[in-house]
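What follows is a short report on a single structure.
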Amino acid sequence: MQTIDFLAIGDVTTDCFIRLKDAEAHCDIDQEHCTLSLRFGDKVPYEFAEEIRGVGNAANAAVSAARLGVASALLAHVGNDRHGEEVLDALSKNNVDTSLIGTHEGMHTNYHYVLWYGPERTILIKHTQFPYSLPENIVIPKMIYLSSMAEGTVQYHHEIGQFLRQHPEIKLMFQPGTLQIKTGTEELMDIYEQTYAFFCNMDEAQRILNVDEKDPSILIKKIHSLGPKLVFITDGIKGAYASDGKEQWFMPIYPHAPYERTGAGDAFSSTVSVALLLGLSLKEALLWGPINAMSVTQYVGAQKGLLTKEKIRELLAQAPKDYEPKPLF
């Protein structure tokens, strides 16, 4: 294995996007809680379906890092099946080192369905419970990006926590997935305590902290108290919030009209992470993240729109004057 700068750890999957046309979205008055409705017990037409292979929070981050020019690898698991072969091929074509991806006989590669209506999507997920453990041939990366995995992986997270204690020079970037959030902060405290940068959205922050609080400044402080040195909370088209524990900033989105929003959060989080890995300041990294997130929303899936650092710099030079981090206070 070559030297790795950016090691993403988490489940990998194939997403099957199903473009709906005969559906309805219902939201509350604040547009915060929405449901997708289809006619029950009927035949519902759809526009088209498209498979996107080698995706998932960690896989998207690994491809993002590779596209940005750093040596990137993914630590994940697939089944010894057609979907697993396709996943490995897709990642390799995106210059991601796949030597740490385990292939397991008799197990199924993760396969998710994405119900896509308007610019938003609802994802039906099912994670195979692979035999998770750190491989013996693991290298010591500069950065680990930890994200979504199956239930029943608490011991694996403790193993990762122990590895980080043995190698404090590694910067841990933590973007918890649905099941990691469900596991709770107490069970994963050794991960939270060793996290350098933490990423989630507003709804996830409330679920992680088990609060109804909507003030991003308060949510940030509460997440800092769990251990992360840097905290980033995204809020969809409203923008994102960030803090280094001393100062807090608001970062607006890069102006755009989205086509499909899957992977925008992954693009933001991974791009900020790589920018920090490359030595940029927190405020400079905040300028990069929304640009890659914007680009991803112009395509189907989480990876096609991922940019090189040269393209990010080009778009940054074209940004509006008010595209900059603003102090929250």
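The values are calculated or read from the model by the stated rules, or taken from the named source; none is laboratory data. Worth saying up front: this structure is predicted, and the values here are computed from it rather than measured. Heads up, the Cβs are rebuilt from the backbone with ideal geometry, glycines too, and the neighbour counts pull from every protein chain shown. Areas reflect the complete protein model, heavy atoms only, side chains present, ligands, DNA and RNA absent. Shrake-Rupley method; radii C 1.70, N 1.55, O 1.52, S 1.80 Å.
Of ILE18, ILE4, which residue is out of contact with any helix residue (DSSP H, G or I) (no Cβ under 6 Å at 6 or more places or on another chain) and open to solvent by less than 10 Å² (accessible area, probe 1.4 Å)?
Numbers: ILE18 fails: open to solvent by less than 10 Å² (accessible area, probe 1.4 Å).
Only one candidate qualifies: ILE4.
Does any residue of the range 264-272 turn out to be in contact with a strand residue (DSSP E or B) (Cβ under 7 Å, 6 or more places away or on another chain), open to solvent by 10 Å² or more (accessible area, probe 1.4 Å) and among the acidic types (Asp, Glu)?
no
Which of the residues that make up the range 81-108 are under 19 Å from the mean Cα position of the chain (by Cα) and open to solvent by less than 30 Å² (accessible area, probe 1.4 Å)?
VAL87, ALA90, LEU91, VAL96, ASP97, ILE101 - these are the residues of the range 81-108 that are under 19 Å from the mean Cα position of the chain (by Cα) and open to solvent by less than 30 Å² (accessible area, probe 1.4 Å).
With respect to the numbered conditions (1) under 30 Å from THR14 (Cβ atoms); (2) open to solvent by less than 60 Å² (accessible area, probe 1.4 Å), which one is the sole condition not fulfilled by GLY239?
(1)
Of the residues in the range 221-239, how many are in a loop (DSSP other than H, G, I, E, B) and hydrophobic (A, V, I, L, M, F, W, C)? Give the derivation first.
Initially, the range 221-239 is screened for residues in a loop (DSSP other than H, G, I, E, B), giving 225-229, 235, 239.
From what is left, the residues that are hydrophobic (A, V, I, L, M, F, W, C) are 226.
Result for the range 221-239: 1.
Might you check whether a residue that is out of contact with any helix residue (DSSP H, G or I) (no Cβ under 8 Å at 6 or more places or on another chain), modelled with pLDDT of 95 or more and not aromatic (Phe, Trp, Tyr) occurs anywhere in the range 257-265?
No, because not a single residue in the range 257-265 is out of contact with any helix residue (DSSP H, G or I) (no Cβ under 8 Å at 6 or more places or on another chain), modelled with pLDDT of 95 or more and not aromatic (Phe, Trp, Tyr).
Within the range 275-311, which residues are in a helix (DSSP H, G or I), out of contact with any strand residue (DSSP E or B) (no Cβ under 9 Å at 6 or more places or on another chain) and crowded, with 22+ Cβ neighbours inside 10 Å? Full working, then the answer.
Residues of the range 275-311 in a helix (DSSP H, G or I): 275-277, 282-296, 309-311.
Imposing the further condition that a residue be out of contact with any strand residue (DSSP E or B) (no Cβ under 9 Å at 6 or more places or on another chain) reduces the set to 275, 284, 288, 291-292, 294-296, 309-311.
Scanning the range 275-311 gives ALA275, TRP288, ILE291, ASN292, VAL296.
Could you please find all residues in the range 210-229 being within 19 Å of the chain's Cα centre (by Cα) and buried (at least 16 other Cβ atoms within 10 Å of the Cβ)?
So the first thing to find is which residues in the range 210-229 are within 19 Å of the chain's Cα centre (by Cα), and the list is 220, 223, 228-229.
Correct list: ILE220, ILE223, PRO228.
Restricting the search to the range 191-205, which residues are surrounded by fewer than 17 Cβ atoms within 10 Å (Cβ to Cβ) and either of a type in the set (Ser, Thr, Tyr) or assigned to a helix (DSSP H, G or I) (or both)?
ASP203
Applying the selection to the range 242-260, what residues are in contact with a Gly (Cβ under 8 Å, 6 or more places away or on another chain) and open to solvent by 20 Å² or more (accessible area, probe 1.4 Å)? Quick ask: steps written out before the conclusion?
Residues of the range 242-260 that are in contact with a Gly (Cβ under 8 Å, 6 or more places away or on another chain), as a first pass: 250-253, 260.
Residues satisfying the conditions are PHE250, PRO252, ILE253.
Among the listed residues LEU188, LEU164, LEU179, LEU146, identify the single one that is closer than 18 Å to ALA62 by Cβ and either without any contact (Cβ under 8 Å) to a residue 24 or more places away in the chain or surrounded by 14 or more Cβ atoms within 10 Å (Cβ to Cβ) (or both). Even if it seems obvious, please write down each step before you answer.
Numbers: LEU188 fails: closer than 18 Å to ALA62 by Cβ; LEU164 fails: closer than 18 Å to ALA62 by Cβ; LEU179 fails: closer than 18 Å to ALA62 by Cβ.
Unique residue meeting the criteria: LEU146.
Condition first: outside any helix (DSSP H, G or I) and either within 18 Å of HIS127 (Cβ to Cβ) or in contact with a Ser or Thr (Cβ under 6 Å, 6 or more places away or on another chain) (or both). Now tell me which residues in the range 175-186 satisfy that.
Those that are outside any helix (DSSP H, G or I) and either within 18 Å of HIS127 (Cβ to Cβ) or in contact with a Ser or Thr (Cβ under 6 Å, 6 or more places away or on another chain) (or both): GLN175, PRO176, GLY177, GLY184.
Check the range 30-48 and report whether any residue there is crowded, with 21+ Cβ neighbours inside 10 Å, assigned to a strand (DSSP E or B) and either aliphatic (A, V, I, L, M) or modelled with pLDDT under 90 (or both). Before the answer, list the steps.
Initial filter on the range 30-48 (crowded, with 21+ Cβ neighbours inside 10 Å): none.
No, the range 30-48 contains no residue that is crowded, with 21+ Cβ neighbours inside 10 Å, assigned to a strand (DSSP E or B) and either aliphatic (A, V, I, L, M) or modelled with pLDDT under 90 (or both).
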